1. Among bridges DSSP assigns within the range 6-115, what percent are antiparallel (round to 5)?
2. Can you give me the relative contact order of the chain as a percent, contacts being Cα pairs under 8 Å and 6 or more apart?
3. In a Gaussian network model over the chain where Cα atoms closer than 10 Å are linked, find which of P14, P87, P41 has the largest mean-square fluctuation.
4. Once you've got the GNM for the chain with C-alpha springs shorter than 10 Å, pick whichever of K43, K64, K86 has the biggest mean-square fluctuation.
5. Quick one: among T90, T52, T68, which has the greatest mean-square fluctuation in a GNM of the chain with alpha-carbon springs under 10 angstrom?
6. Roughly how far apart, in whole Å, are the Cα centres of the range 4-30 and the range 50-115?
7. Add +1 for every Lys or Arg and -1 for every Asp or Glu among the other residues with Cβ under 14 Å from the Cβ of Y37, and state the total.
8. What's the long-distance tail for the range 66-115, i.e. % of Cα pairs beyond 18 Å?
Amino acid sequence: QVQVVESGGGLVQPGGSLRLSCAASGGTFSSYAMGWYRQAPGKQRELVAIFTISGSTKYSDSVKGRFTISRDNAKNTVYLQMNSLKPADTAVYYCNAIAGGYGYWGQGTQVTVST
């Protein structure tokens, strides 16, 4: 059983930065594909960024050039560095670990971009 825990959300002004962290436990972290998703009120959950098992990264068009996903296998942690934040980035951000063909979700962390 893989457990996923996000942290690092909060309130930030437009143009500001936040770094989200996601710690995964219960298996071999380096073999997981890891992704960040978000869900705004009244909207469907959407992909933000993923880090594949092969080591490649992919981003949604809405965050490309502003967000960076990275991982530290020694710490079993994946990060999402978010810069130049906009009010449209306000959402609950979820971390997803894909291990053994199954997806495991964290509880989510709230990011609010507002003055």
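The values are calculated or read from the model by the stated rules, or taken from the named source; none is laboratory data. Just so it is clear, the model here is predicted, and its values are computed rather than measured. Quick reminder, even Gly has a Cβ in these numbers, built from the backbone with ideal geometry, and neighbours come from all protein chains shown. Protein only, heavy atoms only, side chains kept; ligands, DNA and RNA dropped before computing areas. Shrake-Rupley method; radii C 1.70, N 1.55, O 1.52, S 1.80 Å.
1. 90 percent
2. Answer for the chain is 37 percent.
3. Fluctuation is largest for P41.
4. K43
5. T52
6. Each part's Cα centre sits 7 Å from the other's.
7. Here the charged neighbours net out to +1.
8. 42 percent
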